[in-house]
Amino acid sequence: MEEQILRQELYECVSLLDLAHFNCCLGNVNNSKSQCLEIVKKLNRLSKTNVIKERFRSLLKDLSSYTLKFYDSIDSGNYFTYDHKIIWLSSKLYGELYPPLTVYSDKLDSFDSCLLPSLKMKRDKSDNLPLPESFSAHYEQVSLTNWTLDYNALSELYQDLLTNCSFVSSLLSIVELDGTRLLEKLISPREDVSLFKCQLYFNGCSRLVTVDNTLPFLNDSNRNLTINSISKKNLYWPALVEKAYLKVLGSGYKFEGSNMAIDTYMLINWIPEIVPINSSRIDCDVIWDYYLSKKVLLGIGTGKLSVELSGKLNLISGHDYLVVSFDQATHTIVLKNPWIENSNNYERTLSISDHDLLHFKYFYINWNPDAFFKYKSQTTFIYNVKDNSGTHIYQKPQFSLINSTKDSQNIWLLLEKHLPIKNISEQLINILIYETQCGDKVMVSNQYIRANKDSNTNSRLMLLKFTMQPQQAYTVVISSTIGHTFTLNMYNNISRGFSLNKAKFKYTTSIPMIEDKWTSANSGGNWSLSTYIDNPQYDIQIKELSTNMMIGLFSEFKDKFVNFHIFQSDPRDRGRHIRLFDKSKLLVNEKYSMSYQFEDLKNLQPGFYKIVVSTFDSNLKGDFKLLAIHDSPPSGIVISKIHASLGLFLQKSEVSWNNSNRFKLYFEATQFNSRFTFHITHYNHDNKNTESLSDYRPSIRGSIFDAENSQPIQINEEWNDSLYGLFIDCEIQKPNTYILLVERFELGSGRCKIDIGCNRKFNIL
């Protein structure tokens with residue numbers, strides 16, 4: 001079999017295998033298995049061909065073995081971890097698949113040149129990327145005959161009409177590094193064929209981007225939309241890498257901007273650091289030592305410059321330059337401009353002093369991870385919630401880090417926002433680190449000490465350098481203003497097993513989340529208002545063992561104060577709202593706080609408790625969640641909602657005092673053994689249904705009599721001036737007409753509201 005035909009068949013097998021991986025992660029298991037079987041059949045057929053090189057025979061064996069193992073793992077359901085699934089699902093951009101680099105064996109991976117066709121052929125669909133409307137251009141196939149990695153040829157690469165100075169600076173910086181090995185990994189095969197795979201790092205891993213051999217050319221100009229070499233006009237392979245890069249970003253040759261640090265990361269996976277010059281001190285001597293030892297790549301970016309200042313300094317506004325040398329004696333930095341005009345290669349460099357850095361906005365550093373760290377781990381996750389809609393910290397992705405060594409340990413965290421990205425300027429990301437007890441999940445932001453400073457950025461990549469103290473646990477919290485998919489990379493020198501683990505609450509048992517709301521009927525406000533007792537309330541029963549419990553109240557309000565209070569309770573009051581704010585029974589009495597409230601309760605004894613959730617202001621409408629985590633057995637604690645009703649049957653009445661001090665309310669019990677609850681409340685105003693602690697309140701009392709013979713049923717002699725009103729519980733044995741006598745201590749005005757609840761039907765007469 002001719003090698004050209006064999007490579008074409010292998011390309012089709014590998015493409016189908018990528019699709020099988022993707023389908024498996026989508027849950028299309030049957031499709032994935034069918035595709036695997038189709039691949040194995042084709043590979044078996046190819047292996048039986050007599051005339052075949054040993055290299056290809058070994059390749060067929062490795063690919064077939066991998067596919068069969070993958071098929072078996074699909075059957076067992078244990079091939080992909082959650083992270084691995086998201087990595088594969090992040091492969092699809094703009095309708096095209098950009099699969100991760102797949103290692104089939106210790107000798108074969110999906111970047112191998114033998115897995116691409118060697119025939120020149122036209123693709124089924126066009127690989128032409130969008131072109132700027134301001135240029136008249138067309139696509140042409142080019143011959144890839146010049147694959148030189150010679151420094152002199154590659155150092156002449158330059159940016160022309162396309163405003164992608166960041167990409168060209170990145171590629172030139174790799175050339176300046178004499179990075180032959182790194183450059184070879186960018187594109188395969190290095191032959192004059194029609195299809196190529198470019199290896200770029202994005203969306204959490206090294207991915208393969210397929211491009212064809214067509215490039216855009218202007219119709220009536222000698223200028224170029226692609227990266228070019230000054231003297232080697234047939235040096236096209238860098239332009240194909242550029243094409244793959246532009247394809248992944250999604251706008252084609254309508255380039256929308258990037259920066260050198262991010263582009264270098266995409267090309268060679270060196271850790272990007274973007275240092276704002278106006279707020280950071282840069283130790284050029286140390287950085288330059290790293291550069292000389294090939295441990296870093298360096299660049300610099302201007303901010304917005306006026307035309308006058310741009311001309312005076314010979315700098316381009318909003319432009320990236322690569323750093324090519326540094327004089328440690330004079331502190332002179334030599335920059336190379338990726339863009340040239342009129343093919344003049346001699347005006348590409350300029351020298352600046354470190355004092356001139358104030359005219360620049362960013363210093364770009366890409367760190368060789370292998371030179372600084374022995375180990376790397378990563379986790380990929382989907383961020384589903386939004387900061388701007390009131391997301392609380394416990395809902396954010398959190399990861400545990402524990403330094404169990406006796407030494408301080410430096411780690412670097414690199415957060416990558418996956419492509420595609422829309423409205424990037426509106427999306428802020430942040431990495432928050434807290435000193436925690438055991439790397440446990442943080443429920444609220446003030447629960448633990450913050451170990452790092454705020455550093456929000458709208459960049460696609462964020463680097464955080466952090467020193468862990470000896471034998472200290474930390475929790476990493478990821479924050480974003482927009483839901484997205486992320487990969488968090490961690491670089492360390494501790495051990496291969498040191499990794500990011502999903503953080504868990506320090507207590508093991510979680511009571512099902514209570515989701516409730518404040519309405520016009522139950523938003524009673526704070527305890528200084530008479531309506532406080534109308535707030536949502538819950539019974540807590542701790543059955544046998546003392547327990548530690550974290551309770552968090554999380555509201556949808558971003559600018560309103562909320563709170564909860566916990567009271568000791570009598571088991572006989574189970575299922576009944578509190579009737580007063582009894583400080584002697586209060587376990588938790590924190591100040592109201594914005595949006596949420598949190599308490600970590602220690603050694604709660606077995607018994608009954610009540611929790612009241614409230615907003616500071618009354619009559620607010622909004623949702624809230626109540627989260628309780630504890631260390632007792634799952635059945636050891638029960639939290640149940642208390643219904644606000646005074647009884648199964650309800651009626652109400654209202655009476656004006658009219659300068660009197662008593663009135664009678666007649667009511668009829670229609671059945672035997674009727675249990676009544678009367679709630680009597682005084683109001684000073686006709687149009688106001690809330691009284692405050694500072695308002696005047698008369699002392700009142702109430703008694704119940706038989707209306708037929710005036711015999712007392714229940715006499716209450718004590719006066720009551722409670723802010724929350726007077727409650728009377730009474731059980732009436734037989735049907736009859738009765739009188740509720742309400743008295744106040746002195747004559748006065750205002751009105752009296754009576755709410756009556758009963759377990760049986762009754763009538764107000």
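The values are calculated or read from the model by the stated rules, or taken from the named source; none is laboratory data. All of these numbers come straight from a predicted model, not from anything done at the bench. A quick note on method: Cβ atoms are made from the backbone with ideal geometry, for glycine too, and the neighbour counts reach across all protein chains shown.
A few points about this structure:
- Members of region 523-546 found to be within 18 Å of Tyr592 (Cα to Cα), polar (S, T, N, Q) and either touching a strand residue (DSSP E or B) at 6+ places or on another chain (Cβ under 9 Å) or surrounded by fewer than 19 Cβ atoms within 10 Å (Cβ to Cβ) (or both), listed by number: Ser523, Asn526, Ser528, Ser530, Asn535, Gln537
- Any hit, region 96-111, residues being out of contact with any strand residue (DSSP E or B) (no Cβ under 6 Å at 6 or more places or on another chain), of a type in the set (S, T, N, Q) and either closer than 30 Å to Thr163 by Cβ or modelled with pLDDT under 90 (or both): no
- Of all residues making up region 44-81, the number that are exposed (fewer than 13 other Cβ atoms within 10 Å of the Cβ) and in contact (Cβ under 8 Å) with a residue 40 or more places away in the chain: 4
- Extreme residue, nearest to Lys107 (Cα to Cα), among residues of region 47-74 that are hydrophobic (A, V, I, L, M, F, W, C) and at pLDDT below 90: Phe56
- In region 713-765, the residue that is farthest from Ser528 (Cα to Cα) out of those that are without any contact (Cβ under 8 Å) to a residue 40 or more places away in the chain and assigned to a strand (DSSP E or B) is Ile713.
- Asn493 surrounded by fewer than 14 Cβ atoms within 10 Å (Cβ to Cβ), closer than 30 Å to Pro633 by Cα and not assigned by TED's automatic domain parsing to the domain that holds Ser593: no
- Flag for Ser710 being farther than 28 Å from Ser523 by Cβ, among the hydroxyl-bearing types (Ser, Thr, Tyr) and in a strand (DSSP E or B): no
- Of the residues making up region 145-152, one or more are over 16 Å from Asn228 (Cβ atoms) and within 42 Å of the chain's Cα centre (by Cα).
- Only one entry of Glu242, Glu308, Glu256 meets the criterion of being in a helix (DSSP H, G or I), modelled with pLDDT under 95 and of a type in the set (Asp, Glu), and that entry is Glu308.
- Filter result for the condition that a residue is exposed (fewer than 15 other Cβ atoms within 10 Å of the Cβ), outside the structural domain of Ile282 (by TED's automatic domain parsing) and of a type outside the set (Val, Ile, Thr), over Asn403, Asn430, Asn384: Asn384
- Residues in region 259-283 that are more than 24 Å from the chain's Cα centre (by Cα) and modelled with pLDDT of 95 or more were compared, and the one that is surrounded by the fewest Cβ atoms within 10 Å (Cβ to Cβ) is Ile268.
- Qualifying residue in region 105-128 (condition: surrounded by 18 or more Cβ atoms within 10 Å (Cβ to Cβ), farther than 18 Å from Ser194 by Cα, hydrophobic (A, V, I, L, M, F, W, C) and not assigned by TED's automatic domain parsing to the domain that holds Leu183): yes
- Scanning region 308-365 for residues that are crowded, with 17+ Cβ neighbours inside 10 Å and more than 24 Å from Val296 (Cβ to Cβ) turns up Ser310, Ile340.
- Qualifying position, being in a helix (DSSP H, G or I), under 23 Å from Ala153 (Cα atoms) and polar (S, T, N, Q), among Thr226, Thr264: Thr264
- Neighbours by Cβ (under 8 Å, 6+ apart or cross-chain): first from region 690-712, closer than 14 Å to Cys752 by Cα and outside the structural domain of Thr677 (by TED's automatic domain parsing); second small (Gly, Ala, Ser) and surrounded by 15 or more Cβ atoms within 10 Å (Cβ to Cβ): none
- Condition check for Ser523: out of contact with any His (no Cβ under 9 Å at 6 or more places or on another chain), in a loop (DSSP other than H, G, I, E, B) and among the polar types (S, T, N, Q): yes
- Test: residue in region 155-174 that is surrounded by fewer than 17 Cβ atoms within 10 Å (Cβ to Cβ) and assigned to a helix (DSSP H, G or I): no
Condition check ((1) modelled with pLDDT under 95; (2) basic (Lys, Arg); (3) surrounded by 18 or more Cβ atoms within 10 Å (Cβ to Cβ); (4) outside the structural domain of Lys560 (by TED's automatic domain parsing)) across all residues:
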| site | (1), (2), (3), (4) |
| --- | --- |
| Asp600 | no, no, no, no |
| Val613 | no, no, yes, no |
| Ser635 | yes, no, no, no |
| Asn661 | no, no, no, yes |
| Phe667 | no, no, yes, yes |
| His679 | no, no, yes, yes |
| Asn687 | yes, no, no, yes |
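- Phe196 being touching a residue at least 60 places away in the same chain (Cβ under 8 Å) and over 14 Å from Ser143 (Cα atoms): no
- Residues in region 587-607 that are in contact with a Lys or Arg (Cβ under 8 Å, 6 or more places away or on another chain) and not in a loop (DSSP other than H, G, I, E, B): Met594 only.
- Residues in region 284-305 that are in a loop (DSSP other than H, G, I, E, B), more than 33 Å from the chain's Cα centre (by Cα) and farther than 21 Å from Leu182 by Cβ: Leu305 alone.
- Hits in region 406-417 (condition: surrounded by fewer than 19 Cβ atoms within 10 Å (Cβ to Cβ) and either touching a Pro at 6+ places or on another chain (Cβ under 7 Å) or aliphatic (A, V, I, L, M) (or both)): Lys406, Asp407, Ser408
- Among the residues making up region 389-444, none is aliphatic (A, V, I, L, M) and on the phi > 0 side of the Ramachandran plot.
- Test for Ser134: is it surrounded by fewer than 20 Cβ atoms within 10 Å (Cβ to Cβ), small (Gly, Ala, Ser) and part of a loop (DSSP other than H, G, I, E, B): yes
- Here Gln651 fits the description: within 25 Å of Arg744 (Cα to Cα) and of a type outside the set (Ser, Thr, Tyr).
- Looking only at residues in region 202-223 that are modelled with pLDDT of 90 or more and assigned to a loop (DSSP other than H, G, I, E, B), the one that is surrounded by the fewest Cβ atoms within 10 Å (Cβ to Cβ) is Asn219.
- Residue in region 428-442 that is free of Cβ contacts under 8 Å to residues at least 60 places away in the same chain, assigned to a loop (DSSP other than H, G, I, E, B) and more than 27 Å from Trp367 (Cβ to Cβ) present: no
- Candidate set from region 83-125 (those that are among the hydroxyl-bearing types (Ser, Thr, Tyr) and in contact (Cβ under 8 Å) with a residue 60 or more places away in the chain); member that is farthest from Val248 (Cα to Cα): Ser118
- Any hit, region 141-148, residues being part of a strand (DSSP E or B) and surrounded by fewer than 17 Cβ atoms within 10 Å (Cβ to Cβ): yes
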